[in-house]
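The values are calculated or read from the model by the stated rules, or taken from the named source; none is laboratory data. Every value quoted in this text rests on a predicted model; they were computed, and no experiment measured them. Every residue, glycine among them, receives a Cβ derived from its backbone with ideal geometry; neighbour counts consider all protein chains shown.
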Amino acid sequence: MAEKLLRFRELGIVAFTLVLIGVAALVEPRFIEWENLRNILRYIPLIVVVAMGQMMVIVSRNIDLSVGSTLGFSAIVVGNLFIQYPDLPLWAAALVATLIGAGLGAFNGLLVAWLNIPAIIATLGTLSIYRGLVFLISGGRQVDPNHIPTGLIQLSQTSPFGIPWLVIFAAGVALATFLFLRFVQTGREIYAIGSNPGAAALRGIAVRKNTFLVFTVCGALAGIAGLMFASRFGYVNPSDTGVGFELVVISAVIIGGTNVFGGSGTVAGTLTGCLLLGVIYVGLAVLGISAFWQLAIYGLAILLAVTFDTLIQRRLGKTKDGSDML
């Protein structure tokens with residue numbers, strides 16, 4: 001029954017997204033112009049890549065509030081590398097971004113897994129620390145478009161297949177996440193930890209090791225998303241790069257059906273959440289609605305999603321107890 005409810009939820013999100021597109025098109029016909037649809041297509045990969053890592057963290061009954069700052073720090077470091085070394089190969093920049101993100105994520109994992117600091121407290125602290133490092137490294141200076149390599153910009157424009165490379169890469173990350181969680185033992189252990197950490201430990205599952213792993217992976221994906229940000233927008237500004245992005249990602253994951261209390265969540269559901277928020281992001285801009293409304297919408301979406309999860313859990317609890325059998 002739980003699987004049916006979650007599938008109904010995913011289909012409901014897709015249907016709501018289509019309705020939202022239809023309404024926006026009626027209000028502002030240029031919303032469905034190809035350029036706006038391309039903007040949606042190019043923005044969603046950033047959310048998807050980080051959301052895959054965040055989903056694993058939340059499934060393990062934790063949360064990472066520092067992903068936006070990690071993205072910003074990675075982007076500003078790589079951006080400054082391009083200033084100093086204009087001929088830096090893209091593969092080297094991608095490696096640096098990934099390693100930076102993995103290092104920051106590993107620090108989060110150390111605080112949570114081995115120092116037993118609650119994830120929400122630990123990552124709230126590192127959110128501020130990493131954001132401070134962004135300004136320390138950059139000196140408050142923006143990496144201008146003329147310093148971003150043309151080859152990097154083109155990754156968000158097209159590919160031999162007619163689809164931007166960023167979209168292809170995000171699809172690959174989503175597929176890899178699905179295969180890892182579905183078929184690899186460690187992936188299944190992450191669900192077990194989220195369902196009941198104590199019972200998982202008694203069954204011999206390395207709770208600390210796996211917790212450390214999901215934070216490291218989440219950080220690595222946020223790091224590479226920093227490079228994707230530079231490709232998508234063509235600049236890196238320390239004042240706004242990645243600011244508030246953690247709320248977008250968490251919203252996508254929770255809306256997609258991942259239980260905020262851990263133990264359940266799907267890649268397909270998370271993708272639907274990313275699609276919805278991508279439409280909202282571009283739609284508000286096209287309709288001329290203030291960006292401040294985005295924060296209100298994201299917060300409302302989280303509340304509605306958590307409420308829906310609670311109702312599902314209560315329904316399932318009654319069914320298991322036999323007090324409300326269908």
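Where residues in the range 145-203 are hydroxyl-bearing (Ser, Thr, Tyr) and more than 19 Å from the chain's Cα centre (by Cα), which of them is surrounded by the fewest Cβ atoms within 10 Å (Cβ to Cβ)?
Filtering first and then ranking leaves THR150.
Check ILE129, ILE117, ILE121, ILE190 and return the single one that is part of a loop (DSSP other than H, G, I, E, B), among the hydrophobic types (A, V, I, L, M, F, W, C) and under 16 Å from ASP64 (Cα atoms). Before you say what the answer is, go through the steps one by one.
Numbers: ILE129 fails: part of a loop (DSSP other than H, G, I, E, B); ILE121 fails: part of a loop (DSSP other than H, G, I, E, B); ILE190 fails: part of a loop (DSSP other than H, G, I, E, B).
It is ILE117.
Taking the range 101-111, which residues are under 22 Å from MET228 (Cα atoms) and surrounded by fewer than 24 Cβ atoms within 10 Å (Cβ to Cβ)?
Those that are under 22 Å from MET228 (Cα atoms) and surrounded by fewer than 24 Cβ atoms within 10 Å (Cβ to Cβ): ALA102, GLY103, ALA106.
Test each condition in (1) among the charged types (D, E, K, R); (2) touching a residue at least 24 places away in the same chain (Cβ under 8 Å); (3) surrounded by fewer than 24 Cβ atoms within 10 Å (Cβ to Cβ) for ASP87 and report the one that comes out false.
Result: ASP87 passes all but (2).
Please go through the range 258-275 and give me each residue that is closer than 12 Å to VAL14 by Cβ and more than 13 Å from the chain's Cα centre (by Cα), ordered by number.
Correct list: ALA268 only.
Report whether or not VAL19 is under 21 Å from ALA174 (Cα atoms) and modelled with pLDDT of 80 or more.
Working: under 21 Å from ALA174 (Cα atoms): no; modelled with pLDDT of 80 or more: yes.
Spelling it out, it is not the case that VAL19 is under 21 Å from ALA174 (Cα atoms) and modelled with pLDDT of 80 or more.
Okay, residues lined up against (1) in contact with a helix residue (DSSP H, G or I) (Cβ under 6 Å, 6 or more places away or on another chain); (2) over 28 Å from THR258 (Cα atoms); (3) among the charged types (D, E, K, R):
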site: VAL27; (1), (2), (3): no, yes, no
site: ILE32; (1), (2), (3): yes, yes, no
site: ILE47; (1), (2), (3): yes, no, no
site: MET55; (1), (2), (3): yes, no, no
site: ASN62; (1), (2), (3): yes, no, no
site: ILE76; (1), (2), (3): yes, yes, no
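Across the range 112-132, what is the total count of residues that are under 21 Å from the mean Cα position of the chain (by Cα), of a type outside the set (Ser, Thr, Tyr) and surrounded by fewer than 19 Cβ atoms within 10 Å (Cβ to Cβ)?
Adding up the residues that qualify gives 6.
Scan the range 23-36 for residues that are assigned to a helix (DSSP H, G or I) and closer than 11 Å to GLY283 by Cβ and jot them down.
If the condition is that a residue be assigned to a helix (DSSP H, G or I) and closer than 11 Å to GLY283 by Cβ, then VAL23, ALA24, ALA25, VAL27, PHE31, ILE32, ASN36 are the ones that fit.
Looking at (1) of a type in the set (A, V, I, L, M, F, W, C); (2) modelled with pLDDT under 95; (3) part of a helix (DSSP H, G or I), which is the only condition ILE205 fails?
The one condition ILE205 does not meet is (3).
Given the criteria modelled with pLDDT of 95 or more, crowded, with 19+ Cβ neighbours inside 10 Å and either among the aromatic types (Phe, Trp, Tyr) or more than 21 Å from the chain's Cα centre (by Cα) (or both), does PHE215 qualify?
yes
So, in the range 218-263, exactly how many residues are of a type in the set (Asp, Glu), assigned to a loop (DSSP other than H, G, I, E, B) and at pLDDT 90 or above?
Matching residues across the range 218-263 total 0.
State the number of residues belonging to the range 65-87 that are in a helix (DSSP H, G or I) and either farther than 17 Å from LEU136 by Cβ or among the small types (Gly, Ala, Ser) (or both).
8
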